[in-house]
Each structure stands twice: as structure tokens, then as C-alpha cells.
Amino acid sequence: MRQSAKTILSTASVVSVVAIVLGSLSFTPKSVSAQEGKSLSVVEEGKEIAFHRQKGNCLACHKIADGSLPGNIGPELVNMKARYPDKSKLRAQIWDPTVANPNTIMPPFGKHKMLSEEELDKVVEFIHTL
């Protein structure tokens, strides 16, 4: 009986996260910076990917400076250089967070190819500046 309850709670958590992520897709305006012909830095490109509801969608779960409609499932992304002095560890966390925490609900953006390697590197550059 206990195992059934754990399975139900685990399934409910996953369904809730998926609902939040999918529900947030309709609330984000398209970014126009890149379309206006402006040249963006790697950090700015990473921010666009992180805030894009169909790409990184970090705001579905995290509060990030300058972000609108943030979620509260994950931790606030602040002091990232202090939390991850080694940028490769931050990248590994975003690529597959289940390595550090098998019970996490954060999706493995690299492992599941939700972001390309190039997009992942840009997001890491942005997140590391927070």
C-alpha cells in the first residue's frame, strides 16, 4: 500500500510540472530582439533561450531577475557564481540534473536534447551571470 501511495504522489508531481510547463507556453510573447537585426552577446542569447517558453523555459520553475510570471518549484536563480564557481558543474546540472539528484523534477535539457549543445552553453553563460 505504501508503494502505491509513493507512486501516486510521484506521478502527481510529474503531471503537475508538465501542466505548469505546458500551460506557460501560451503566456510568453515572442522575442523580437534577434528579429530586429541587433547583434546579441552570448549572455543575451542565453537569456532569450532561458526565458523562451518553448526552449529553456526556466521561468516555469525558477524566479530570475527581469523575468515575468516566474514559478516557485525550483530555487531562485541568484548568486550563481558563488553556488557554481566551476561553470562546468552548472552545465552538468542543466544537462542532466538527475545525476546529482535522482528525484529531481527538473528536466534533463541536454540528455533529452531539449536544447542543442550550443543553446545549452549560451544558457549556462547567462545563468552564471546571475
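The values are calculated or read from the model by the stated rules, or taken from the named source; none is laboratory data. Quick caveat, the model's predicted, so the values are computed rather than measured. Positions of Cβ are backbone-derived with ideal geometry, glycine not excepted, and every protein chain shown enters the neighbour counts. Note: accessible area is taken over every heavy atom of the protein model, side chains too, but ligands, DNA and RNA are not part of it. Shrake-Rupley method; radii C 1.70, N 1.55, O 1.52, S 1.80 Å.
Remark: the range 35-130 carries a charge dipole of roughly 280 debye about the Cα centre, counting +1 on each Lys and Arg Cβ and -1 on each Asp and Glu Cβ. The figure for HIS112 is an accessible area of roughly 110 square angstrom, using a 1.4 Å probe on the protein chains alone. Under 5 Å from the amide H of CYS61 lie the amide H atoms of GLY71, each residue being 5 or more positions distant or on a separate chain, with H modelled from the backbone and absent for Pro and chain starts. Structure shown: which of LYS55/LYS89; LYS81/LYS113; LYS89/LYS122; LYS55/LYS81 lie over 19 Å apart, alpha-carbon to alpha-carbon? The pairs that break the limit, which is 19 Å between Cα atoms, are LYS55/LYS89; LYS81/LYS113; LYS55/LYS81. Residues in the range 63-69 carry Karplus couplings, in order, of 8, 9, 3, 6, x, 10, 6 Hz; the curve used is 6.51 cos²θ - 1.76 cosθ + 1.60 with θ = phi - 60°, and Gly or Pro positions show x. Distance between the 7 Å Cα→Cβ label points at SER116 and VAL43: 2.4 nm.
Among the GluC sites (Glu not before Pro) in the range 30-130, those placed in a DSSP loop whose Cβ has at most 14 other Cβ atoms within 10 Å are GLU36, GLU76.
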